[in-house]
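Some notes on the structure that comes next.
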Amino acid sequence: MESNGEPGRINISKATSEIISDYYELEFRGKIEAKGKGEIEMFFVGKPKKALKKEKKVVEKAPIADIEKFVFDMLKKKLPDGLYYHGLHHTRDMYNSTIEIAEQEDVEGNDLNLVRIAALFHDSGFTKTYEDHEDAGCVIVRKELPNFGYSNEEIETICGMIMTTKVPQTAKTNLEKIICDADLDYLGTDKFERIGGTLLKELNGRGAGLDTMKWNELQIKFLENHEYYTKTCIKLRDPVKQQHLAIMKELVANEQD
């Protein structure tokens, strides 16, 4: 076979041609006498028909502004009525708190992007379900974020942050701690009473049946069990939260007298 080849051309047998015929153009050159084989059909290999392997499509990372717009548009269109607490306004507030806390904690670069994205998507699951909305949010993240250029590893990091906001919070990494503190930032601010009132309205709208006394007792228990994770919130939010807790205890004590 080698002795019957031509300079600059690849000479192959019929058996080999059948293997590569889907990938290369072939030119039949007739039958050639091969030592010990007799006459065999031979072919010259021509131009490639298609790549042997498909190149993996690379999607460049989209600007955070594009992801913001996508999430906020989705929430506007798909969040159900009755989310007096978990509405679009909460995601906006929580997103801003996340950025502020992250910057105070010296988070930057891609980590800052990841925690911002987790904040945007953290309540997106409410567009699908009320119970276990964190799991539903991760389903949305895994479906949508590849289109914005994020890897599977980055997406799982984001899902880890979303899942850790589920009460009781279980933050372990620095980014998870930031997202958890941002989600309950209001507990240590002057918005505590107003925002708490929206949560009470939402819960009662779903049949919780909480009167003022039961609600105050529930808030006391929640505040006692809650802890901020980041140095920023421990310093700036926890003292105010403790003041709210003392006021709630006094209210309940007076109601019981």
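Hey, which of these cross-link pairs are over 29 Å Cα-Cα: Lys77/Lys143; Lys69/Lys221; Lys143/Lys241; Lys77/Lys221? Listed pairs above 29 Å: Lys69/Lys221; Lys143/Lys241; Lys77/Lys221. Considering the dipole of segment 59-209 built from charges on the beta carbon (Lys and Arg +1, Asp and Glu -1) around the Cα centre, which of Asn113, His133, Leu187 is farthest to its positive end? Toward the positive end, the furthest listed residue is His133. What residues of segment 114-133 lie in the reach of a label at Leu88, counting those whose backbone N is under 20 Å from a point 7 Å from the Cα along Cα→Cβ? Label zone hits: 117-130. Projecting the Cα atoms of Pro48, Leu88, Phe72 onto the charge dipole of the chain, computed from C-beta unit charges around the Cα centre, puts Pro48 farthest toward the positive end. Below 15 angstrom from the Cβ of Glu39, what's the summed charge of the other residues (Lys, Arg +1; Asp, Glu -1)? Surrounding charge for Glu39 is +3. Full extension of the chain segment joining Ala62 with Lys221 gains 53.0 nm, where the gain is 0.36 nm per residue of separation less the Cα-Cα distance. The distance between label points at Ser21 and Asp106 comes to 6.7 nm (points 7 Å beyond Cα on the Cα→Cβ vector).
If R0 is 22 Å, the Cβ-Cβ spacing of Thr170 and Lys143 corresponds to a FRET efficiency of close to 0.35.
Computing FRET efficiency as 1/(1 + (r/R0)^6) for Ile10 and Ser151, where r is the C-beta to C-beta distance and R0 is 35 Å, gives about 0.35. Dividing the helix sum by the residues of the chain, where each DSSP H run of 4 or more adds -39500 (n - 2.57), gives a mean residue ellipticity at 222 nm of -17000 deg cm²/dmol.
Placing pseudo-labels 7 Å out from each Cα toward the beta carbon at Met163 and Asn96 gives an inter-label distance of 3.2 nm. Think of it this way: in the chain, Cys180, Cys233 stand alone, with no other Cys Cβ under 4.7 Å. Across every pair of non-identical alpha carbons in segment 60-198, the mean reciprocal distance, once inverted, gives a Kirkwood radius of 15.0 Å.
Exposed loop sites are taken as GluC sites (Glu not before Pro) in a DSSP loop (any state but H, G, I, E or B) with at most 11 other beta carbon atoms within 10 Å; the longest stretch of the chain without one runs 132-257.
Shape of segment 178-257 from the C-alpha gyration tensor: oblate (a/c of 1.5 or more and a/b not above b/c, with a ≥ b ≥ c the square roots of its eigenvalues). Compared with the dominant principal axis of the Cα atoms in the chain, helix 212-225 is inclined by about 60°.
Quick note: the coordinates plus some simple rules give every number you see, no bench work behind them. This is a predicted model, so every value here is computed, not measured. Here Cβ is always computed from backbone atoms with ideal geometry, including for glycine, and neighbour counts include all displayed protein chains.
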